[in-house]
1. Which net charge results for the neighbourhood of Thr119, defined as the other residues with beta-carbon distances under 11 angstrom from its beta-carbon, given Lys and Arg at +1 and Asp and Glu at -1?
2. Using a 1.4 angstrom probe, figure out how much accessible area the stretch 9-144 has per residue, in square angstrom, rounded to the nearest whole.
3. Rounded, prolate or oblate: which one fits the stretch 85-151, using the alpha carbon gyration tensor with axes a ≥ b ≥ c (rounded when a/c is under 1.5, else prolate when a/b beats b/c, else oblate)?
4. Please report the net charge: other residues with Cβ closer than 11 Å to the Cβ of Ala27, K and R +1, D and E -1.
5. Could you work out the helix-only [θ] at 222 nm for the chain, with each DSSP H run of four or more residues adding -39,500 (n - 2.57) and the total divided by the number of residues, to the nearest 500 deg cm²/dmol?
6. Assuming 0.692 mPa s and 37 °C, estimate D for the chain with Stokes-Einstein, Rh taken as the Kirkwood radius over Cα pairs, in µm²/s.
7. Once each part is reduced to its C-alpha centroid, what is the distance from the stretch 31-67 to the stretch 77-120 in angstrom?
8. Report the full-extension gain for the segment Ala29 to Lys129: residue separation times 0.36 nm, less the Cα-Cα distance, to one decimal in nm.
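The values are calculated or read from the model by the stated rules, or taken from the named source; none is laboratory data. Quick caveat: nothing in here was measured; it's all calculated off a predicted structure. Cβ: placed from backbone, ideal geometry, glycine included. Neighbour counts: every protein chain shown. Keep in mind that these areas ignore ligands, DNA and RNA; they rest on the heavy atoms of the full protein, side chains included. Shrake-Rupley method; radii C 1.70, N 1.55, O 1.52, S 1.80 Å.
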Amino acid sequence: MSGLMGRPAEFLLVEDNPGDVRLTKEALAESKLYNNLNVVHDGLEALRFLRQEAPYENAPRPDVILLDLNLPKVDGREVLATIKSTPEFKRIPVVVISSSEAEADILRSYDLHVNCYVTKPVNLDQFIKVVQSIESFWLTIVKLPQVSQES
């Protein structure tokens, strides 16, 4: 958890499927790592959360964003494009977790500078394992930039 200075890792889950939200919460709760999961249900909420706009004025800055592509209001691709083109957000790792296996979605996500693209497993146990693997990778292996170094 280098760079987190003993505080919980802040995850932002952008997901409109209640079942996937529940499974992600369960996977992170079972983890041995200190984390906090914030959930928004559409792309517009995600952007408001990141910008700390009402009702998210006190929202924490995420250490990692877990982003679905097919979202209401503002599509996940638009959210990703906004994050990666905004100086204060572009260094936040974004993991797309999508049911889409379409090569066009994968290529477009990487063209928009996603940090990694993961296809949602259909199997519940595999889904939990994937979420825990993402958490472990981003919090124990990767060195994340400190917020004060953002510019």
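1. -1
2. Details: 6640 Å² over 136 residues.
Per residue, the stretch 9-144 has an accessible area of 49 Å².
3. Cα axes put the stretch 85-151 in the oblate bin.
4. On the way: positive: Arg22, Lys25, Lys129; negative: Asp20, Glu26, Glu30, Asp125, Glu135.
Local charge sum for Ala27: -2.
5. On the way: 5 runs with 54 residues, N = 151.
Rounded to the nearest 500, the figure is -11000 deg cm²/dmol.
6. Details: Rh = 15.5 Å.
Stokes-Einstein gives a translational diffusion coefficient of 212 µm²/s.
7. So the separation of the two Cα centres works out to 16 Å.
8. Numbers: separation 100, 0.36 × 100 = 36.00 nm, distance 1.24 nm.
The Ala29-Lys129 span can extend by a further 34.8 nm.
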